[in-house]
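Worksheet for the structure shown next.
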Amino acid sequence: MKQKDHLPFFGIGPYYVGMIAVLTAVGVFLSCKGYLDSGIIPALKTPMLILGILIVVLGAFIWGYAFFIDKIDDAIKDNRLYTEGIYAWVRNPLYVGWMFICIGVSLFPGNLWLMVLPFVFWGLMALMMQLTEEKWLRDLYGTEYDAYCTRVNRTWPWFPKK
């Protein structure tokens, strides 16, 4: 690793989070205004709301753990690859946390048309990470980062592989 090279502090995150937040807001707005009524199944409204609340709480936990407990900003300032804590479960917990929050909110109206959003969010994250931050990390940390990628999922929290 070159000592003068350094990761950007914010990376692509604000762009990703902004895009999925806008998509979520537009979807919820359209649903609430009646433009997507054909996707509403009354019997599913309450279960989807409850599931949405649980997913929002999970997303907030993942994001909060990465930000407040693991303090990723310290690792970025120190220019080191952080692979512990929640980062041992998912490579992008800050983005995954926001993705879960937006998925949960998109479930609140109980509209099946909004179920397309999680796939859009996942695809956007995967694409944006491949084209930006993963390249930066691979350039800075090389085989150490490659080994991390083989152990830990990019976008879905799961038990780390040994």
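A count restricted to the range 22-41 and to residues that are part of a helix (DSSP H, G or I) and in contact with a Gly (Cβ under 8 Å, 6 or more places away or on another chain) stands at 1. For the range 1-59, taking the residues that are touching an Asp or Glu at 6+ places or on another chain (Cβ under 9 Å) and among the aliphatic types (A, V, I, L, M), the one that is modelled with the lowest pLDDT is identified as MET1. Entry remark, the range 59-118: residues being open to solvent by 10 Å² or more (accessible area, probe 1.4 Å), under 30 Å from LEU49 (Cβ atoms) and hydroxyl-bearing (Ser, Thr, Tyr) number 2 in total. Pairs meeting the criteria (first residue in the range 115-140 and among the hydrophobic types (A, V, I, L, M, F, W, C), second residue open to solvent by 70 Å² or more (accessible area, probe 1.4 Å) and not in a helix (DSSP H, G or I), beta carbons under 6 Å, at least 6 apart or on different chains) are LEU140/MET1. Quick check: anything in the range 113-125 modelled with pLDDT of 95 or more, out of contact with any strand residue (DSSP E or B) (no Cβ under 6 Å at 6 or more places or on another chain), part of a helix (DSSP H, G or I) and more than 15 Å from ILE20 (Cβ to Cβ)? Checked the range 113-125: at least one residue is modelled with pLDDT of 95 or more, out of contact with any strand residue (DSSP E or B) (no Cβ under 6 Å at 6 or more places or on another chain), part of a helix (DSSP H, G or I) and more than 15 Å from ILE20 (Cβ to Cβ).
State which residue pairs qualify: first residue in contact (Cβ under 8 Å) with a residue 24 or more places away in the chain and over 25 Å from PHE61 (Cβ atoms) and inside the range 145-162, second residue of a type outside the set (A, V, I, L, M, F, W, C) and open to solvent by 80 Å² or more (accessible area, probe 1.4 Å) in any location, beta carbons under 9 Å apart, and separation of 6 or more residues or different chains. Sorted first by the residue in the range 145-162, then by its partner, the pairs are TYR145/ARG138; TYR145/ASP139. With the structure loaded, tell me whether LEU137 is surrounded by 17 or more Cβ atoms within 10 Å (Cβ to Cβ) and in a helix (DSSP H, G or I) or whether it fails that test. So LEU137 passes the test. Within the range 83-100, the only residue that satisfies the criterion of being among the β-branched types (Val, Ile, Thr) and out of contact with any Phe, Trp or Tyr (no Cβ under 7 Å at 6 or more places or on another chain) is VAL96.
Residues of the range 47-58 that are surrounded by fewer than 16 Cβ atoms within 10 Å (Cβ to Cβ) and of a type outside the set (A, V, I, L, M): PRO47 alone.
Only residues that are in a helix (DSSP H, G or I) and over 14 Å from TYR87 (Cβ atoms) were counted in the range 140-154, giving 4.
The values are calculated or read from the model by the stated rules, or taken from the named source; none is laboratory data. What you are looking at is a predicted structure, and each value in this text was computed from that prediction instead of being measured. Glycine also receives a Cβ, built like all others from the backbone with ideal geometry; neighbour counts cover every protein chain displayed. Just the protein is used for accessible areas: all its heavy atoms, side chains included, with ligands, DNA and RNA removed. Shrake-Rupley method; radii C 1.70, N 1.55, O 1.52, S 1.80 Å.
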